[in-house]
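Novice: Let me begin by handing over the structure; questions about it come next.
The values are calculated or read from the model by the stated rules, or taken from the named source; none is laboratory data. Computed from a predicted model, the values in this text were never measured in an experiment. As a convention, Cβ positions derive from the backbone with ideal geometry for all residues, glycine included, and neighbour counts pool all protein chains shown. For the accessible areas, the whole protein counts, side chains as well, though only heavy atoms, and no ligand, DNA or RNA atoms are used. Shrake-Rupley method; radii C 1.70, N 1.55, O 1.52, S 1.80 Å.
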Amino acid sequence: MSPDSKPRVRFAPSPTGYLHVGGARTALFNWLFARREGGTFILRIEDTDVERNRPELVEGILQGLRWLGVEWDEGPCFQSQRLDSYRAAAQNLLKSGAAFPCFCAAVQYAGADAVDASDAESAKDARNAPCPCRHLDPQQREQKIRDGSPYAIRFAAPREGVTHFEDAVFGPREVQNAEIEDFVILRSSGLPTYQLGAVVDDMAMGITHVIRGADHLSNTPKQVLLYHALGSAPPIFAHVPLILGPDRTRLSKRHGATSVSLYAEEGFLPEAFRNFLALLGWSPGSDDEFLRTSELISRFALSGVSRTNGVFDRAKLEWFNSQYLQQLPIEELLPFVKAELQRSGLWQNSCDGPDREWFARTVDLLRPRTRLLPDFSHWARAFFSDNFDYDSEARAKFWKDPKVPDLLAKLAGTLDALPSWDHDSCDHALRALAESAGVKAGLLINATRVAIVGRAVAPPLFDTMVVLGKSRVIARLRRAVPLATA
């Protein structure tokens, strides 16, 4: 890549499952790199594995990326629509002698699968042994083709020397060519393998940097050989560390949700999830953790990617989410809370109109008690609806004093007479009533909280009273009097 050219990167998932956390992190790193460098981010769907592909999952992958905020500049491109290009590349490699037709049945040249798996040395030898079809003379090959014998196309891996490449994360890498098998590039069905499809597409799309998981390190020497055989310089490779579960094994369902869509459904904020994912295997060069997306973009560099696998810590993710819930400018948070209240049936359309300011004040009051978006529905019912239940334990504990009904009735009258409705006025009125009645203020505070929100735990009482408004508070106090008497 010339110093003046802009990078072109891609994310190339297969529709064999939903968008996995590891895939989402790979997409995010590609996207951050492209945005940081002013480059192009391409989405490519590698859908040529007809036995495992589930086309209905493509939309799930796209939705997952959109929720994460990883928007692509080009695509989505589908490999299934580019089959002719892979077949043409395979034919070119045949003509140049870099590949050969293989007539072996799968079990005859299945690498390690063809031998006792417990014998690691035998497995390695079988995997690396030259395919016998490599040494067929031209007449034998032509006769088999004329006879209609099915064949795959294999790359003729060099038997001597080394293949080396520079990795932006792991540094210089090299592999003895004798350890690279004659790998299949085009199946007998005419479909490409991953090795050929990835290389041909990366060449056609002008990919300058291949940023992908470290589990692909073993594929890279084969692809470097293909690039050279097809007359192209390889791109820059950057293999990012894997994401492990808390037990330091590969992240899987036994560790909890692995699909990005499930975290969206649970109520995580996209930006919090981005922040958390970015720090799984990348460091900004400081101890900063709360990084808005603009900061992630401005600070992202491949030099900050670690060689050490990241550990997915659910508690840490929830911490990030709580930080974003508390620190986001309120106007940025409101659309997410609106969607949650719509989901739970609490939304009121007036909150998009005349009650917009009240909605913002309410969300600001509630958010210190939230870790996930559904928490807003939990805490908001008494704010968005006058129809709420009284917690039985709270009633039993805080309305058991026989003086409570009379105190609630008197408080309603006292508050109704207040000339102004604010925190200090409500606070002073309640405490003055408690003092004149000869009871502790705490008794009346707790009883009032249960009366106006139905529970023992809620945001600060007097702030809650101000947000609810004078008429609603007084009405709820009076409604509670006969209930407290019972």
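Novice: May I ask you to list the residues in the stretch 307-345 that are part of a loop (DSSP other than H, G, I, E, B), in contact (Cβ under 8 Å) with a residue 60 or more places away in the chain and open to solvent by 40 Å² or more (accessible area, probe 1.4 Å)?
Specialist: Within the stretch 307-345, 307, 308, 309, 313 qualify.
Novice: Then there's this: Filter the stretch 156-176 for residues that are over 26 Å from residue 240 (Cβ atoms) and touching a strand residue (DSSP E or B) at 6+ places or on another chain (Cβ under 7 Å) and give the result.
Specialist: Residue satisfying the conditions is 156 alone.
Novice: A follow-up question, please. Cβ-Cβ under 8 Å, sequence separation 6+ or interchain: first residue in the stretch 350-370 and under 16 Å from residue 462 (Cβ atoms), partner in a helix (DSSP H, G or I) and hydroxyl-bearing (Ser, Thr, Tyr). Which pairs?
Specialist: 365/464
Novice: Considering only the stretch 390-404, I want to know if a residue exists there that is of a type in the set (A, V, I, L, M, F, W, C), surrounded by 18 or more Cβ atoms within 10 Å (Cβ to Cβ), modelled with pLDDT of 95 or more and under 29 Å from residue 334 (Cβ atoms).
Specialist: no
Novice: Restricting the search to the stretch 195-248, which residues are among the β-branched types (Val, Ile, Thr) and in contact with a Pro (Cβ under 6 Å, 6 or more places away or on another chain)?
Specialist: 207, 208, 210, 224
Novice: Output the residues belonging to the stretch 179-238 that are under 30 Å from residue 148 (Cβ atoms) and acidic (Asp, Glu).
Specialist: Matches in the stretch 179-238: 181, 182.
Novice: Check off (1) aromatic (Phe, Trp, Tyr); (2) in a helix (DSSP H, G or I); (3) more than 16 Å from the chain's Cα centre (by Cα) for residue 31 and give me the number that stays unchecked.
Specialist: Only one criterion in (1) aromatic (Phe, Trp, Tyr); (2) in a helix (DSSP H, G or I); (3) more than 16 Å from the chain's Cα centre (by Cα) is unmet by residue 31, namely (3).
Novice: Going through the stretch 448-465 one residue at a time, which ones are buried (at least 20 other Cβ atoms within 10 Å of the Cβ) and not charged (D, E, K, R)?
Specialist: Within the stretch 448-465, 448, 450, 451, 452, 453, 458, 464, 465 meet the criteria.
Novice: Of the residues in the stretch 393-410, how many are in contact (Cβ under 8 Å) with a residue 60 or more places away in the chain and in a helix (DSSP H, G or I)?
Specialist: Result for the stretch 393-410: 7.
Okay, residues lined up against (1) farther than 16 Å from residue 12 by Cα; (2) modelled with pLDDT under 95:
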| site | (1), (2) |
| --- | --- |
| 35 | yes, no |
| 48 | no, yes |
| 59 | no, yes |
| 65 | no, no |
| 71 | no, no |
| 76 | no, no |
| 82 | no, no |
| 89 | yes, no |
| 94 | yes, no |
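Novice: Pick from the stretch 364-388 the residues that are closer than 16 Å to residue 329 by Cα and assigned to a helix (DSSP H, G or I): which of them is least open to solvent (accessible area, probe 1.4 Å)?
Specialist: Taking the candidates together, the pick is 366.
Novice: Moving to a separate point now. Pull out all pairs, ordered by first then second residue, where Cβ-Cβ is under 7 Å, the residues are six or more apart or on different chains, the first lies in the stretch 15-38 and is open to solvent by less than 10 Å² (accessible area, probe 1.4 Å), and the second is among the acidic types (Asp, Glu).
Specialist: 15/47
Novice: Going by what's in this entry, would residue 246 be described as closer than 29 Å to residue 196 by Cβ and modelled with pLDDT under 95?
Specialist: no
Novice: Sort through 63, 79 and tell me the only one that's open to solvent by 80 Å² or more (accessible area, probe 1.4 Å), among the polar types (S, T, N, Q) and touching a helix residue (DSSP H, G or I) at 6+ places or on another chain (Cβ under 8 Å).
Specialist: After ruling out the rest, the residue left standing is 63.
Novice: When the stretch 177-198 is examined, which residues are found to be in contact with a Ser or Thr (Cβ under 8 Å, 6 or more places away or on another chain), without any contact (Cβ under 8 Å) to a residue 60 or more places away in the chain and of a type outside the set (D, E, K, R)?
Specialist: Once the filter is applied, which keeps residues that are in contact with a Ser or Thr (Cβ under 8 Å, 6 or more places away or on another chain), without any contact (Cβ under 8 Å) to a residue 60 or more places away in the chain and of a type outside the set (D, E, K, R), the stretch 177-198 yields 177, 180, 183.
Novice: Specify the residue that is modelled with the lowest pLDDT; the eligible residues are those in the stretch 112-140 that are of a type in the set (Lys, Arg) and touching a helix residue (DSSP H, G or I) at 6+ places or on another chain (Cβ under 8 Å).
Specialist: The extreme case among them is 124.
Novice: Additional query: Within the stretch 226-243, work out how many residues are open to solvent by 20 Å² or more (accessible area, probe 1.4 Å) and either at pLDDT below 95 or over 25 Å from residue 281 (Cα atoms) (or both).
Specialist: 7
Novice: Same structure, new question: Check residue 293 against each of (1) exposed (fewer than 14 other Cβ atoms within 10 Å of the Cβ); (2) under 16 Å from the mean Cα position of the chain (by Cα) and name the one condition it does not meet.
Specialist: Failed condition: (1).
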